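See below for the structure under consideration.
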Amino acid sequence: MLSLIALAIGFILDLIIGDPIGWPHLILGYGKLISFLERILRGVFPKTERGEFTAGVFLVVIMCAVSLGGGVGILVLCHTVHPYLRVAVESLMVWQCLSLRSLQVAALTVYQPLIEDDLPAARKAVAEIVGRDTENLDEKDVTRAAVETVAENTSDGIIAPLLFMAIGGGVPGVVYKAINTMDSMVGYKNDRYMFFGRAAARFDDAVNFIPARLAGVFMALAAFFAGFDGKNACRIFKRDRLHHKSPNSAHTEAACAGALHVRLGGDSYYFGRLVQKPTIGDDERPIEPEDIKRANRLLSATAFLFIFLCIIVRGFIVWLI
């Protein structure tokens, strides 16, 4: 019950506060630790394909051990002082593991220059939240990139951490964010991380396998409540949810594309190289800047629907016990 209370408080904190610039944050700490460990591990293991892969495996093991041990240790210590202190600290853990408000704010920083016809500023803003090359994107491409980011990150930024924390409290959440942060930093298929980041990328795929599919389902259902075409969201989700090289990325993108009646995905440039990707959804109408705000609304509906179910199910289990 204490973890359930912390889950609700942390979710509310994320809605109200988000991730203010300059505030200490768990992900920033993970980022510094991952960079430090990368330098150490690359120096310890030979600079061969097998050596880099082994170093990457050690990175995953160390980060998981540190996040798990640190999370458990902090909560146990707080609980011995007072259960309410444990609730307060676990609420902060939950807050730091969620990114609902920050994702919406980041998307709106792309939306604002678009409606002001300031394409260079929009390209600069979207470059902060996507991995693709943005210097040559037109207005529709910038908008599409922002909408795709909102849709894709609904899974690993909100639904996945909520799922793990609903099951086991704040500790699974901080472990999940360690895994997710590793993937975002070293899980690239380029010359630098092709072998070093392989373990992190594959582990992230495995951990997100169920959450990504749940996120797609709940986004399709949320479309009904958010005033979008839920029937089409379900249809496109079923049809296009595997239209991506990643096994997890297209589920929410497909649901979002169907709900908004737009086409997402397609070819993009990464590090100057064209990467061919299948399209998601039907090109029923041109994508427009307002679709960024619509994607944000769909994101909110998905998050509220999912946490409502989490609280109901977890509360019922606690009541039975």
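The values are calculated or read from the model by the stated rules, or taken from the named source; none is laboratory data. Keep in mind the model is a prediction, meaning the values are calculated, not measured. All Cβ positions, glycine included, derive from the backbone under ideal geometry; neighbour counts span all protein chains shown. Only protein heavy atoms, including side chains, enter the accessible area calculation; ligands, DNA and RNA are left aside. Shrake-Rupley method; radii C 1.70, N 1.55, O 1.52, S 1.80 Å.
Laid out as a table, the results:
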quantity: Conditions (1) over 16 Å from Asn153 (Cβ atoms); (2) open to solvent by 50 Å² or more (accessible area, probe 1.4 Å); number of the one not met by His244; calculated: (1)
quantity: Hey, Arg42 assigned to a helix (DSSP H, G or I), within 20 Å of Met182 (Cβ to Cβ), in contact (Cβ under 8 Å) with a residue 24 or more places away in the chain and basic (Lys, Arg) or not; calculated: yes
quantity: Residue within region 247-255 that is within 20 Å of Val275 (Cα to Cα) and surrounded by fewer than 23 Cβ atoms within 10 Å (Cβ to Cβ) present; calculated: yes
quantity: Subset of region 51-63 that is open to solvent by 20 Å² or more (accessible area, probe 1.4 Å) and in contact (Cβ under 8 Å) with a residue 40 or more places away in the chain - its residue that is farthest from Lys177 (Cα to Cα); calculated: Glu52
quantity: Residues satisfying the stated conditions in region 9-38, i.e. free of Cβ contacts under 8 Å to residues at least 12 places away in the same chain and assigned to a helix (DSSP H, G or I); calculated: Ile12, Leu28, Gly29, Lys32, Phe36
quantity: Region 3-32: number of residues that are small (Gly, Ala, Ser), modelled with pLDDT of 90 or more and open to solvent by 20 Å² or more (accessible area, probe 1.4 Å); calculated: 2
quantity: Number of the exception - Asp117 against (1) open to solvent by 10 Å² or more (accessible area, probe 1.4 Å); (2) under 25 Å from Val275 (Cα atoms); calculated: (2)
quantity: Of residues in region 90-142 being outside any helix (DSSP H, G or I) and under 25 Å from Ser300 (Cβ atoms), the one farthest from the chain's Cα centre (by Cα); calculated: Glu116
quantity: Meets criteria (in contact (Cβ under 8 Å) with a residue 40 or more places away in the chain, part of a helix (DSSP H, G or I) and at negative phi) for Val76; calculated: no
quantity: Sole exception among (1) touching a residue at least 12 places away in the same chain (Cβ under 8 Å); (2) among the charged types (D, E, K, R); (3) in a loop (DSSP other than H, G, I, E, B) for Lys47, by number; calculated: (1)
quantity: Leading residue by the ranking (farthest from Ala6 (Cα to Cα)) among those in region 178-198 that are open to solvent by less than 20 Å² (accessible area, probe 1.4 Å) and assigned to a helix (DSSP H, G or I); calculated: Val186
quantity: Residue match in region 290-297 (condition: open to solvent by less than 60 Å² (accessible area, probe 1.4 Å), at pLDDT 95 or above and not hydrophobic (A, V, I, L, M, F, W, C)); calculated: yes
quantity: Options Arg202, Arg192: the member that is at pLDDT 95 or above and over 30 Å from His79 (Cα atoms); calculated: Arg202
